[in-house]
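Following: one structure in structure tokens, then a few remarks.
Nothing in this text is a laboratory measurement; each read-out follows from the coordinates by a stated rule. If you're wondering where the values come from, they're calculated on a predicted model, not measured in any experiment. Counting neighbours? That spans all protein chains shown, and the Cβs are built from the backbone with ideal geometry, glycine included.
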Amino acid sequence: VQLQASGGGLVQAGGSLRLSCAASGAIFSFDVMGWYRQAPGKQRELVASITFGGTTNYADSLKGRFTISRDNTKNTVYLQMNSLQPEDTAVYYCNLKRRSQLYWGQGTQVTVSS
């Protein structure tokens, strides 16, 4: 599985961005896709995840501002980010969890200016 993320960039505080992550290769109904982020000097943390059937899980601090969705026909997961704040600045990584195996995309930079 290869994951290709896109959609990062520079945005002002209060703005929005939409990240996309396309997975190549076969995708199975038990695959969970998600987004993580890593800010400078910090550990990588979960942003949100979504199952094949659409069940979502979010970091508590991001509920209400970020929305994860998935198009299984395109093997693509999206992250809609609204009301962005400078503390959201990080490299965002998409991820696919297949049973005990993890696959990572290359990361896309999101920078929020104040």
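What Kirkwood Rh does the stretch 72-114 have if only Cα atoms enter the pairwise 1/r average? Answer in Å.
Computed over the stretch 72-114, the radius equals 12.4 Å.
May I ask you to derive the relative contact order of the chain, considering only C-alpha pairs under 8 Å and at least 6 residues apart, and to give it as an integer percent?
Reported relative contact order: 36 percent.
State the answer as a single residue: which of Val112, Ala13, Phe28 lies farthest towards the positive end of the charge dipole of the chain, with beta carbon charges of +1 for Lys and Arg and -1 for Asp and Glu, about the Cα centre.
Phe28
I want to make sure I understand the PRE zone here: with the label point 7 angstrom from the Cα of Ser114 toward its beta carbon, which residues in the stretch 7-39 have backbone N atoms less than 12 Å away?
13
Figure the gain on full extension for Arg98 and Phe28 (residue separation times 0.36 nm, minus the Cα-Cα span) and round it to one decimal in nm.
Gain in length upon complete extension: 24.4 nm.
Which lysines have a Cα less than 23 Å from the Cα of Lys74, not counting those fewer than 8 places away in the same chain?
Of all the lysines, those that pass the test against Lys74 - Cα under 23 Å, at least 8 places apart if same chain - are Lys97.
Report the net charge of residues surrounding Val91, where surrounding means a beta-carbon distance below 15 angstrom and charges are Lys +1, Arg +1, Asp -1, Glu -1.
0
Using a cut-off of 9 Å between beta-carbons, work out the net charge of the residues near Phe52 (Lys and Arg +1, Asp and Glu -1, Phe52 not included).
The answer is 0.
Less than 17 Å apart at the alpha-carbon level, and either on another chain or at least 8 residues along: which aspartates and glutamates does that give for Lys63?
Candidates past the 8-residue exclusion: Glu45, Glu87, Asp88.
Using R₀ = 22 Å, calculate the FRET efficiency as 1/(1 + (r/R₀)^6) where r is the Cβ-Cβ separation of Glu87 and Arg18; round to 0.05.
0.70
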